[in-house]
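Peer 1: Please find one structure pasted underneath; my questions will follow.
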Amino acid sequence: MKSIIQHVHTQEFERIRVGIGRVKEIPVVDYVLARFNPDESQIMDETFERAAKACLMIVEDGFTKAMNQYNTK
């Protein structure tokens, strides 16, 4: 993110964020870089599919519509 901000000379741009959840006993870097267990792999497959659909909606219908559709828990 720092590299993008440096190259576009602003922090004012739309961002797509995907939450990671977290286990407090594990440092964030180790948690993010760890391999997925089988249950997590299934969840991630669904998450990637949902994120891809959100990206298409951003391109086709705009960021606000996609945010309203996909920014839910």
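The values are calculated or read from the model by the stated rules, or taken from the named source; none is laboratory data. In this text, all values refer to a predicted model and were calculated from it rather than measured experimentally. Cβ atoms come from the backbone with ideal geometry, glycine included; neighbour counts cover every protein chain shown. Side chains are part of the model used for accessible areas, which takes the heavy atoms of the whole protein and leaves out ligands, DNA and RNA. Shrake-Rupley method; radii C 1.70, N 1.55, O 1.52, S 1.80 Å.
Peer 1: Would you work out the charge dipole size for the chain about its Cα centre, treating the Cβ of every Lys and Arg as +1 and the Cβ of every Asp and Glu as -1, and quote it to the nearest 20 debye? Let's see the in-between values first.
Peer 2: Working: 10 positive and 11 negative charges, 49 e Å.
Using Cβ point charges on Lys, Arg, Asp and Glu, the chain gives about 240 debye.
Peer 1: Kirkwood hydrodynamic radius (Cα pairs, Å) of the stretch 8-62?
Peer 2: On the way: mean 1/r = 0.0729 Å⁻¹.
Taking the inverse mean of 1/r over all distinct Cα pairs, the stretch 8-62 comes out at 13.7 Å.
Peer 1: Okay, moving on. Working out 0.36 nm times the residue gap between Thr47 and Arg15, then minus their Cα-Cα distance, what length gain in nm do you get to one decimal? Write down the numbers at each step before the final one.
Peer 2: Details: separation 32, 0.36 × 32 = 11.52 nm, distance 1.66 nm.
Gain in length upon complete extension: 9.9 nm.
Peer 1: How much area per residue is accessible in the stretch 1-64 when the probe is 1.4 Å and only protein heavy atoms are counted (Å²)? Working shown, then result.
Peer 2: Numbers: 5870 Å² over 64 residues.
Spelled out: the 1.4 Å probe surface of the stretch 1-64, per residue, equals 92 Å².
Peer 1: Next question. Tabulate in residue order the Karplus-calculated ³J(HN,Hα) for the stretch 50-63, using 6.51 cos²θ - 1.76 cosθ + 1.60 with θ = phi - 60°, rounded to whole Hz; enter x for Gly and Pro.
Peer 2: Couplings: 5, 5, 5, 5, 5, 4, 4, 5, 4, 5, 7, 10, x, 5 Hz.
Peer 1: Leaving out ligands, DNA and RNA, what percent of the accessible area of the chain is carbon and sulfur, probe 1.4 Å?
Peer 2: Here carbon and sulfur together make up 55 percent of the probe-accessible area.
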